[in-house]
Amino acid sequence: MTRRREMIKIKAPPEWGIEPVPEKHRILGFLDYFALWSSLGVGLLVLLAGTLLVPGLGLGRALLAIVVGTAIGNLLLALAGVVGSDHAIPTMVMLRPVLGIRGSYLPTILNIVQLIGWGAFEVIVMAEAANTISQTLFGFSNYLLWALFFAAWCTLLAVGGPLVVVRQWLEKFAIWPVYGITIYLTWYLFSHHDIGALLRQAGTGELPFWLAVDLVVAMP
């Protein structure tokens, strides 16, 4: 019983502040990062963001915007990742050599604000999805309860840190239903819709192409 409690206990990860993470603690590898970023790439928020591109662009131009935006966004992320990997310091600390200590405060504050907004948006989307599913399958509807549940769960994951999120949550459980649902949705799309007709369908023109690209760049 004691051993089981130790296994499920969530502890706050060690913190090094602005100091580089010691080499012995840099243990996440290729598969860990693949699980993390692939799960973000097929998450609810990404799927929801994709719906914002149509019918303004049409499916063909929307897919092109996704390809262009993904390439730009991944390039920027990779460049920041190279610096972070080389020096083993947090993103906001990397700004200090460029902007100075005081100069780094503004982007740090803006980053905190956008993370709060992003986290709130995630909770809203997950709560809406869970409430819709529970109402459809079981006749149970309580959006506030779902929102509180997901907010508490995300807080626990944040306290647990990246090792808990990646190795205990994603790799052991969460990533597999995500992959399964993604495969099912892909199969359903190709088996129930005429993809050629959808690609030929023109957009309404309400969404500029480069604004759509900008939206994709901002996504994980």
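So for region 59-77 (the condition being modelled with pLDDT under 85, surrounded by 13 or more Cβ atoms within 10 Å (Cβ to Cβ) and either touching a helix residue (DSSP H, G or I) at 6+ places or on another chain (Cβ under 8 Å) or of a type in the set (Val, Ile, Thr) (or both)), does at least one residue qualify?
Let us first name the residues in region 59-77 that are modelled with pLDDT under 85, namely none.
Scanning region 59-77 turns up no residue that is modelled with pLDDT under 85, surrounded by 13 or more Cβ atoms within 10 Å (Cβ to Cβ) and either touching a helix residue (DSSP H, G or I) at 6+ places or on another chain (Cβ under 8 Å) or of a type in the set (Val, Ile, Thr) (or both).
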Failed item, numbered, when Ala88 is tested on (1) modelled with pLDDT of 90 or more; (2) among the hydrophobic types (A, V, I, L, M, F, W, C); (3) touching a Lys or Arg at 6+ places or on another chain (Cβ under 9 Å): (1)
Across (1) farther than 30 Å from Tyr179 by Cα; (2) modelled with pLDDT of 85 or more, Gly17 clears everything bar (2)
Does Ala202 qualify as being farther than 30 Å from Arg26 by Cβ, hydrophobic (A, V, I, L, M, F, W, C), in contact (Cβ under 8 Å) with a residue 60 or more places away in the chain and surrounded by fewer than 12 Cβ atoms within 10 Å (Cβ to Cβ)? yes
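Residues are listed down the side, and each one gets a yes or a no for (1) modelled with pLDDT of 90 or more; (2) farther than 27 Å from Leu57 by Cα:
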position	(1), (2)
Leu157	no, yes
Pro162	no, yes
Trp169	no, yes
Asp194	yes, no
Arg200	no, no
Among helices (runs of 4 or more DSSP H) lying entirely in region 46-140, which contain 2 or more residues that are in contact (Cβ under 8 Å) with a residue 24 or more places away in the chain, of a type in the set (S, T, N, Q) and out of contact with any Asp or Glu (no Cβ under 9 Å at 6 or more places or on another chain)? none
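The values are calculated or read from the model by the stated rules, or taken from the named source; none is laboratory data. Bear in mind the structure is a predicted one, so any value in this text is a computation, not a measurement. Positions of Cβ are backbone-derived with ideal geometry, glycine not excepted, and every protein chain shown enters the neighbour counts.
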